[in-house]
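Novice: Dropping the structure in here first, questions after.
Laboratory data are not the source of any read-out in this text; all were calculated from the coordinates shown. For clarity, every value in this text was computed on a predicted model and none was experimentally measured. We place every Cβ from the backbone using ideal geometry, glycine too, and count neighbours over all the protein chains shown.
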Amino acid sequence: SGIFLNENARGEVRNNLCRNNGLYGISAFGNARLTAEGNTCEGNVRVGIILSENARGEVRANQCRNNGYHGISAFGSARLTAEGNTCEGNEECGIFLYKNSSGTVQNNTCRYNKYGIGVERGSKVKIGNNSVSNNRRGNVKEFENSPYPGVLVLPPPVVPSL
């Protein structure tokens, strides 16, 4: 990994370029707590930003592109808040949550990936107000032939008129 947090580590990772790393651009494993903002993670062998094994993370305003698997992913009971990120040109999903992960995915742009946003059955995710387009196989996908039970699509915010 370009930047790696493990076990009980806490870290704020801001305004870094994580390019062409062996596995991940930025990773948080175990009980790590990550705040990642304003980073560019591109050309990594697997994932731009990953949370796993109970890690918690706020991932905001990052550019995750042209990674071998996903732009941003969470798995193994990780909890992800992904807001305002741009995930494009990744081989699989722009954003992917699986293996009982949970979180909120909102106000992101996911385009030119295989899938825009992917959620595996068993994960609990709130998805809303994302711009998801021009993905090769679909824009929002729940895997394992699910009729979409793990995904709650949020309505657009109410904006008062002036």
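Novice: How much of the calculated P(r) for the stretch 20-89 lies past 13 Å, in percent of all Cα pairs?
Specialist: Considering the stretch 20-89, 56 percent of its Cα-Cα pairs are separated by more than 13 Å.
Novice: With Cβ to Cβ distances under 15 Å as the rule, what net charge do the other residues near Leu5 carry (K, R +1; D, E -1)?
Specialist: After counting each charged neighbour, the total is 0.
Novice: For the peptides 29-38, 62-71, 104-113, what is the packing order when you average, over each peptide's residues, the other Cβ atoms within 10 Å and list the highest mean first?
Specialist: Taking the mean over residues of other Cβ atoms within 10 Å, the ranking is 62-71, 104-113, 29-38.
Novice: Among Leu5, Leu80, which comes first, second and so on when ranked by fewest other beta-carbon atoms within 10 Å?
Specialist: By the 10 Å Cβ count, ascending: Leu5, Leu80.
Novice: Please label the shape of the stretch 1-153 as rounded, prolate or oblate, based on the square roots a ≥ b ≥ c of the eigenvalues of the alpha-carbon gyration tensor (a/c under 1.5 means rounded; beyond that, a/b larger than b/c means prolate, else oblate).
Specialist: Oblate, because a/c is 1.5 or more while a/b does not exceed b/c.
Novice: Here's another thing I want to ask about it. What does the charge dipole of the stretch 1-80 about its Cα centre add up to, to the nearest 20 debye, if the Cβ of each Lys and Arg holds +1 and the Cβ of each Asp and Glu holds -1?
Specialist: 80
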